[in-house]
Amino acid sequence: MNADSAQAAPPGRPEVPAWKLVLTLAVAGALAGLLLVFVDQATRDRIRENRRAALREAVGEVLGDPVRIVSFAVAEDGLVAEEETNYEVDTERLDRVFAGYADAEGKQLIGFALAYQRTGFQDAIRLIFGYDPRTKKVLGVKVLEHKETPGLGDKIEKEPFLGPIRGQVLDLVAVKPGKGTGGGSEVDTVTGATISSGWVIKIINEAAAMTGPKIEAWLRKGER
């Protein structure tokens, strides 16, 4: 073997045609898409069921563990009772409300639960509250979902803020801590989370204003 042969570079790899690269990428993308579809279909029903279960529990919590719960679709002309209680709610539109009863026959009305959301300081604040439409008193409040600042905004989901709202008469009035007049319906906002806590109060007032007239009309008809 001469020196020229010893120093000759090995033959290079054959160049891969561009169409093969494109085909490989297309197949990989299709497989990834199919996998995503499969995972979505496999988990969608479970996620929906978990959300329904969480809402069912929350309705019971804000209404004080009623014996019977009936859902009502919120239609243009009023409330429409549903044969089976439906725990799927569009909280942007407030398309469904829940009546809680202290008896299985549905004669002793406790109040109504409303789930609604609005955008707070960071993102949407989604909550549910119960109130007695006859006295306008808030029975309970629970924040279902939020993305407010940890350590500050997340105080809106805690008892020191939510507890004093119970028993207040709608419409609620947000006041800075120590700045209230002592009048009814005043709720102290949270120091360091004034905007977030203020939005909780606005959400409750707005939801009650949206559906309150329809609930009151339902009561006037003597429906139970």
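Hey, could you grab the Kirkwood Rh for the chain? Inverse mean 1/r over distinct alpha carbon pairs, Å, one decimal. Please report the intermediate quantities before stating the final value.
Values: mean 1/r = 0.0479 Å⁻¹.
After inverting the mean inverse Cα-Cα distance, the result is 20.9 Å.
Using Cα pairs closer than 8 Å and at least 6 residues apart in sequence, work out the relative contact order for segment 45-220, in percent.
Relative contact order, segment 45-220: 18 percent.
Can you tell me the alpha carbon radius of gyration of segment 73-169 divided by the globular rule-of-thumb value 2.2 N^0.38 Å? Present the calculation step by step, with values, prior to reporting the outcome.
On the way: Rg = 14.9 Å, N = 97, 2.2 N^0.38 = 12.5 Å.
Here the Cα radius of gyration is 1.19 times the empirical estimate.
Search the structure for amide H atoms under 5 Å from the amide H of GLY111, placed 1.01 Å from N in the peptide plane, and list their residues when 5 or more places away or on another chain.
For GLY111, whose amide H was placed from the backbone, the distant partners under 5 Å are GLY100.
For the chain, the longest stretch holding no GluC sites (Glu not before Pro) located in a DSSP loop with at most 10 other Cβ atoms within 10 Å is which?
106-224
Trypsin sites (Lys or Arg not before Pro) within segment 26-89: which are DSSP loop residues with at most 10 other Cβ atoms inside 10 Å? Don't skip to the end; give the middle numbers.
On the way: sites: ARG44, ARG46, ARG48, ARG51, ARG52, ARG56, ARG68; in loops: none.
The qualifying sites: there are none.
So how far apart, in nm, are the two label points at GLU145 and VAL80 if each is 7 Å from Cα heading toward Cβ?
In this crude spin-label approximation the distance works out to 2.5 nm.
How many nm separate the modelled label positions at LEU219 and ASN50, each set 7 Å beyond the Cα in the direction of the Cβ?
3.7 nm
Quick one: helix 18-62 against the long Cα principal axis of the chain, what's the angle to the nearest 10°, folded into 0 to 90?
Helix 18-62 sits roughly 20 degrees off the main axis of the chain.
Any read-out appearing in this document is the output of simple, stated calculations on the displayed coordinates, not a laboratory observation. The shown structure was predicted, so the numbers you read here are calculated from the model rather than taken from an experiment. Reconstructed Cβ throughout: ideal geometry from the backbone, glycine too, with neighbour counts over all protein chains shown.
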